[in-house]
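Novice: Have a look at this one before I ask anything.
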Amino acid sequence: MLNDERLKTQYSRYAAMSRRLRADGIYEEALDAHQQCLQIARDLNDEVRIASCYFWIGECLYQLGRKEEAMMILTPNLKQTSHGSPDDLYNSMTKYIIIALDLPSKKSLIEDAIAHARQYLVDIGHLEWQHKILYLEAELYQMQGIRDRALDLAIEGWATWRDAYPLFVADAHLFQIAMFQIRLKKIEDAENTLIEWENDKHNSFPLYRLAVMNRTRSHLHRLKGNYQQAMNHAQQAVSLTERMQTPESLATMNSSKMWAALCLKDFETAKACITVIPLSILRRKAVLIGDYHLTWARHQLGLPVIDLAFHQQFPALPPVDERPALSDSIKRALNRARMMYQIGMHQAKKFDDAFDCTWRQDEIKVCLNHIRELEQF
């Protein structure tokens, strides 16, 4: 009995350590702490604590970009025979769906997983937790390119959010709503969401909150044409995320900074944003490199920067007799852009096939067609 009490004390100490580290985005050390928790829980033969460890280890692995490993450690919590606490099991189900959206898994499988999680809430009598399901359904519609419906569900998820565990922090809901509004070019709505967000009292993960809030501000300023403000916020987002151990998030922040730099025609900074992204992540972001080369080529031809996050069509080109000749450097840039877009088309098809849509491929085709137009100069 005394030995068990000593182990429980050690468990509590490591769990508290992991919680503090996660709040600061230090996920490698948090992972180590919770792996210690798992060993202690196994020594205690405590299935509830074991299930809790599976979830938090999965969360740390996910934040570190190790998504397949995260899915594996979460899998025991998805079984009906699991004896974990309801919140840990439900968190595991919803985290598994988030990873399935990221990889991606087939839409039908994700829909089944969402239905299973919703039924689980009915079975355990916790329908007040369904805000997470609405959040996930919003993400699923966004992945399909059905953006108005995605925004409606995102707003509904925030409306049903409760300041009680288990939860997505308020930041997750408000970030989702603001980014969906920006993609739909609802500038006033996005500004109001950001005001609500800034006034929200919840701040469980201060670094994460500031980072994603700055990224959102950067996107909104780009949409409004305030490019220097967009760069200022993008740089803040990068600086804050660099203090955390979240490589996927850092790559996303650098992608936003690249576009802010392109809008300012600062191609040196834009290129630097690409080079700092790890190759393991960058190979999934070939379209980003294509965007850089195409924008540089257009600039050399005296054409305006088109922010492809918000404008999926290029304006008409000048008359033939007003077009400059293509230099060798421009030709090389267009060739590089074409090659990157063709590589990106494989990734786009993978996601479009998973979600029964074509919008990612359609957007890349617009860029490939424009390259052919430019090559007629």
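Novice: Kindly report the accessible area of the range 116-183 per residue (heavy atoms of protein chains, probe 1.4 Å, no ligands, DNA or RNA), in Å².
Specialist: Details: 2720 Å² over 68 residues.
I get 40 Å² per residue for the range 116-183.
Novice: On full extension of the chain, what length is gained from Lys331 through His116, given 0.36 nm per residue of separation minus the C-alpha to C-alpha distance?
Specialist: Working: separation 215, 0.36 × 215 = 77.40 nm, distance 5.26 nm.
Taking 0.36 nm per residue and subtracting the Cα distance, the gain is 72.1 nm.
Novice: Using alpha-carbon pairs under 8 Å, 6+ residues apart, how would you state the relative contact order of the range 193-290 in percent?
Specialist: Details: 93 pairs, mean separation 21.4, N = 98.
Rounded, it is 22 percent for the range 193-290.
Novice: Defining a contact as two alpha carbons under 8 Å apart and six or more residues distant in sequence, what relative contact order in percent does the range 225-374 show?
Specialist: Numbers: 129 pairs, mean separation 29.5, N = 150.
Relative contact order, the range 225-374: 20 percent.
Novice: Probe radius 1.4 Å, ligands and nucleic acids left out: which of Lys8, Lys271 has the largest accessible area, and how do the rest follow? It would help to have the intermediate numbers written out before the result.
Specialist: Working: Lys8 70, Lys271 115 Å².
Greatest to least solvent exposure: Lys271, Lys8.
Novice: Relative contact order (percent) for the chain, with alpha-carbon contacts under 8 angstrom and 6 or more residues of separation? Could the numbers behind the result be given before it?
Specialist: Working: 475 pairs, mean separation 45.7, N = 377.
Reported relative contact order: 12 percent.
Novice: Roughly how many percent of the accessible protein surface of the range 33-139 is carbon and sulfur, given a 1.4 Å probe and a whole-percent answer?
Specialist: Values: 2260 of 4550 Å².
Here carbon and sulfur together make up 50 percent of the probe-accessible area.
Novice: Leaving out ligands, DNA and RNA, what percent of the accessible area of the range 240-334 is carbon and sulfur, probe 1.4 Å? Mind dumping the intermediate values first?
Specialist: Working: 2370 of 4510 Å².
The value for the range 240-334 is 52 percent carbon and sulfur by accessible area.
Novice: Tell me, what is the per residue accessible area of the range 252-342 in Å², probe radius 1.4 Å?
Specialist: Working: 4430 Å² over 91 residues.
In whole numbers, the range 252-342 has 49 Å² accessible per residue.
Novice: Can I ask one more? So what's the angle, to the nearest 10 degrees on a 0 to 90 scale, between helix 286-300 and the longest Cα principal axis of the chain?
Specialist: Taking the Cα atoms of the chain, the angle to 286-300 is about 30 degrees.
Novice: Estimate the FRET efficiency between Asn203 and Asn226 by the formula 1/(1 + (r/R0)^6), using the beta-carbon distance for r and 30 Å for R0, to the nearest 0.05. Show your work: numbers first, answer last.
Specialist: On the way: r = 26 Å, r/R0 = 0.88.
FRET efficiency, Asn203 to Asn226: 0.70.
Novice: Please find, in a Gaussian network model of the chain (springs between Cα atoms separated by less than 10 Å), the residue of Gln144, Gln312, Gln361 whose mean-square fluctuation is greatest.
Specialist: Gln312
Novice: Another one. On a 1.4 Å probe surface of the protein chains, which of His202, His126 comes out largest in accessible area, and what is the full order? Working shown, then result.
Specialist: Numbers: His202 35, His126 55 Å².
In descending accessible area the options line up as His126, His202.
Novice: Another question, then. In Å², and per residue, what accessible area does the range 4-72 have when probed at 1.4 Å with the other protein chains present? Don't jump to the answer; show the numbers that get you there.
Specialist: On the way: 3360 Å² over 69 residues.
That works out to 49 Å² per residue.
Novice: Distance between the C-alpha centers of the range 97-129 and the range 7-40? Whole Å please.
Specialist: 27
Novice: Between the range 209-229 and the range 292-328, what's the alpha-carbon centroid distance in Å?
Specialist: 24
Novice: When the label point is put 7 Å from the Cα of Glu29 along its Cα-to-beta-carbon vector, which residues of the range 272-293 have a backbone N closer than 14 Å?
Specialist: none
Novice: Tell me, what ³J(HN,Hα) does each residue in the range 183-190 have, in order and in whole Hz, if you take phi through Karplus 6.51 cos²θ - 1.76 cosθ + 1.60 with θ = phi - 60° and put x for Gly and Pro?
Specialist: Computed from phi, the couplings for the range 183-190 are 4, 8, 6, 8, 4, 5, 4, 5 Hz.
Novice: How large is ³J(HN,Hα) for each residue in the range 83-95, as worked out from phi by the Karplus curve 6.51 cos²θ - 1.76 cosθ + 1.60 (θ = phi - 60°), to whole Hz, x for Gly and Pro?
Specialist: Using θ = phi - 60°, the values come out as 10, x, 6, x, 5, 5, 5, 5, 4, 5, 4, 6, 5 Hz.
The values are calculated or read from the model by the stated rules, or taken from the named source; none is laboratory data. These figures come from a predicted structure and were not determined experimentally. Cβ sites come from the backbone with ideal geometry, for glycine too, and all protein chains shown count toward neighbours. Note: accessible area is taken over every heavy atom of the protein model, side chains too, but ligands, DNA and RNA are not part of it. Shrake-Rupley method; radii C 1.70, N 1.55, O 1.52, S 1.80 Å.
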